[in-house]
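Derivation of every value follows stated rules applied to the coordinates shown; laboratory data play no part. Since we're looking at a predicted model, the values are computed, not measured. Here the Cβ is made from the backbone with ideal geometry for all residues, glycine too, and neighbour counts use every protein chain on show.
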Amino acid sequence: MTSRLPADLTVVVPCYNEVLNVAPLVRALDAALLQRRWEVVFVDDHSPDGTAQAVRELAQQDPRVRIIERVGRRGLSSAVIEGVLSSSAPVVAVMDGDLQHDETTLNKLVAPIFSGDADIMVASRHLAGGDSSGLANRWRHLLSQAGIRLAQIMLPYPLTDPMSGFFAVRRELFDEAAPKLVGSGFKILLELVLSVGRGARIAEAPSVFRPRLAGESKLSPLVMFQFLGMLVERACGGWLPTRFVVFAAVGLIGVLVNLAATDIARFSGCEFNKAQMIGMACAIIANFQLNNRITYYDRRLKGVRWWPGFILFVAGCSLGGIANIGVAQLVYDSAGHWTRSSAAGAVIGVVWNYVVASTLVWR
Ligand code: GDD
Ligand code: MN
C-alpha cells in the first residue's frame, strides 16, 4: 500500500470537530496524490467530537497518516505552524480538514515548488477558474472582500486571495519565517507572506472553494477581531502586541456602552448621578465580558474563577480611572491644553488597566 521511502510532501490539516470529514479527506488525498510520496498530519485541539481518535484509527491502518493532538490550546494558525514544523519533507501543503478545499488543486500547488519555480503557491478563489461559491452567505462574501482589500494594502505581493487557507510552501522558507509568526487567529498565510523576505517567489493557482457538508465553520467575530489586531500589530512593526490593540478596542466599545446606557437611563427618568452610575456599571460589565471572551479568550475565566476575576478587574480599573484623572490634571496644570491632557490621561488609564488585566485578572 505504501512505499518505505520517507515522504517528500507533508499535507498539514488543522482540524477541530471534523470527525466525519477525516476519513473522506484521506481517501481524497490518496486519489489526488498518486504521483507523490505524501503523508498527512492532522493537528487537532482535543476536539470533543473525537476527531483525534478517528485519526488514530486511520493511522493504525495507514502509516502515511499522523496526528498531533494539543490539549488546552486552540487556534487555527498555531495548529498550522506546529504541523508544518513537525514535517521533515522538503515541501509542505496546508489545507482545511472539512473538504471545502479541492484536493485536486494540490498537484498544481506543489509542482512549481518541487521544480524550484516557486517558494509559496497559493490556491486562489479569485483567479479565473477559481470559485468561492462555497462561502456560507452574502455576509461572508462581503467580509471576505473587505478583508482581502485590507490585506492587499499591506502586502508586498499582488495576491488575489491573501486570506486563503490553502497553500504550499518550501519547508526551508517556512523555517526562516517561523520565529516571526505570531500564530493567533486564522490568517496564517498572510502572516507567512508578510514574514518572508521580498526575494521569495510567490504565485497563485485557481481553486474552487466547496460548500461545507458536515460540521460547522469556526470563523467567529472573535477571529475577525484577532485579524484586525494582527494587521495593526504588523502595521506598527510589531511593537504593539495584538492583545493590547484588542484590549484598547474593547475599551472603546466600553466608552460607547457607557454613553448609550447613560442616555437610556436619563431618558427613562433617572437623575444625572444615578444615570452616570448605571452607565459606568454597564460599561464595566460589558468590558469584562468582552475581554474575557475576546482579548483573553485563551485564559477565559469560568465558573468559580469568574467572580474573583471580576472583582479584581473592577478594583484595578477603578484605580486606573483615578490614575487617568490624576495624569490628565497634571498635564493640564503644566500645559493648560484640554485635549492633550485628557488624551494623556486616557493613554495612562488604558495602559494601567491592560497591565492589571494581563498580570492580575487573566494570568
Ligand atoms: N486545530 C484547530 N484548532 N483547527 C481549527 C481551529 C482550531 O482552533 N479552528 C478551525 N480549525 C480547522 C477547521 O476544523 C477546518 O479544518 C479549518 O481549520 C478551517 O476552519 P473553518 O471553520 O472551516 O473555516 P472557514 O471555512 O470558515 O474558513 C476558511 O476559509 C477562509 C476564507 O474564507 C479557512 O480556510 C480560512 O483559513 C480562510 O481564510
Ligand atoms: Mn471551512
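Within the chain, the longest run free of exposed loop sites, counting GluC sites (Glu not before Pro) that sit outside DSSP helix and strand states (H, G, I, E, B) and have at most 15 other Cβ atoms within 10 Å, spans 1-215. Rounded to the nearest Hz, the phi-derived 3J(HN,Hα) couplings of region 147-161 under the Karplus curve 6.51 cos²θ - 1.76 cosθ + 1.60 (θ = phi - 60°) are x, 5, 4, 4, 5, 5, 4, 8, 7, x, 10, x, 8, 7, 9, where x marks glycine and proline.
Here the Karplus curve 6.51 cos²θ - 1.76 cosθ + 1.60, taken at θ = phi - 60°, turns the phi angles of region 330-344 into couplings of 4, 5, 5, 4, 8, 10, x, 9, 5, 5, 4, 5, 5, 4, 4 Hz, with x standing for Gly and Pro. Across the options Ala178, Ala151, Leu231, the greatest Cα extent toward the positive end of the charge dipole of the chain (unit charges at beta carbon of Lys, Arg, Asp, Glu) belongs to Leu231. A DSSP coil position with no more than 12 other Cβ atoms inside 10 Å describes the following trypsin sites (Lys or Arg not before Pro) in region 1-64: Arg4. Close amide-amide hydrogen proximity is noted between Val91 and Thr10, Arg171, each under 5 Å apart and 5 or more residues distant or on a separate chain (H modeled in the peptide plane; Pro and chain starts excluded).
When the Debye formula is applied to the Cα atoms of the chain, each taken as the same point scatterer, what base-10 log of I(q)/I(0) results at q = 0.07 Å⁻¹? Here log10 of I(q) over I(0) equals -0.39. In this structure the amide hydrogen of Phe166, modeled in the peptide plane, comes within under 5 Å of the amide hydrogens of Ala123, none closer than 5 places in sequence on its chain.
Net charge dipole, the chain: roughly 560 debye, given to the nearest 20, about the Cα centre with Cβ charges of +1 for Lys and Arg and -1 for Asp and Glu. Between the amide H of Arg201 and those of Asp119, Ile120, distances stay under 5 Å, these residues lying 5 or more places away or on another chain, with hydrogens modeled in the peptide plane.
Panel order for Val361, Val350, Val80, Val71, by other beta carbons found within 10 Å of each beta carbon, from fewest to most: Val71, Val350, Val361, Val80. Evaluating 6.51 cos²θ - 1.76 cosθ + 1.60 at θ = phi - 60° for every residue in region 349-363, the Karplus couplings come out as x, 5, 4, 4, 4, 5, 5, 4, 4, 6, 9, 10, 7, 10, 6 Hz, glycine and proline recorded as x. Here the average projected area of the convex hull drawn through the C-alpha atoms of region 228-321 stands at 7.3 nm².
Axis angle, to the nearest 10 degrees, between helix 242-267 and the longest C-alpha principal axis of the chain: 50 degrees. Taking a straight line from the alpha carbon of Lys218, these lysines sit under 17 Å away, with near neighbours fewer than eight places off in the same chain left out: Lys187. Give me the distance between the Cα centres of region 1-41 and region 227-306, rounded to whole Å. Their Cα centres are 43 Å away from one another. Across all directions, the average flat footprint of the convex hull enclosing the Cα atoms of region 9-215 is 10.9 nm².
Rounded to the nearest whole angstrom, the semi-axes of the ellipsoid equivalent to region 160-292, taken from the Cα gyration tensor as √(5λ), stand at 42, 19, 11, largest first. Report the local net charge at Val245: Lys and Arg +1, Asp and Glu -1, summed over other residues whose C-beta lies under 14 Å from its C-beta. After counting each charged neighbour, the total is +1. Build a GNM of the chain with springs between Cα atoms under 10 Å apart, and of Pro162, Pro63, Pro179 the one that fluctuates most is Pro179.
Arranged from fewest to most other beta-carbon atoms within 10 Å of their beta carbon, Thr104, Thr242, Thr339, Thr160 become Thr339, Thr104, Thr160, Thr242. Counting other Cβ atoms within 10 Å as a rough exposure proxy, the listed residues Ser268, Ser342, Ser207 run Ser268, Ser342, Ser207 from fewest neighbours to most.
When +1 charges are put on Lys and Arg Cβ atoms and -1 charges on Asp and Glu Cβ atoms, the dipole computed for region 117-211 relative to its Cα centre reaches about 360 debye.
Placing unit charges on the Cβ atoms of the charged side chains and taking the dipole of region 128-281 about its Cα centre, the candidate lying farthest along the positive direction among Cys270, Ser220, Ala128 is Ala128. Note on the chain: GNM, Cα springs under 10 Å; of Gly116, Gly130, Gly215, the largest mean-square fluctuation is that of Gly116.
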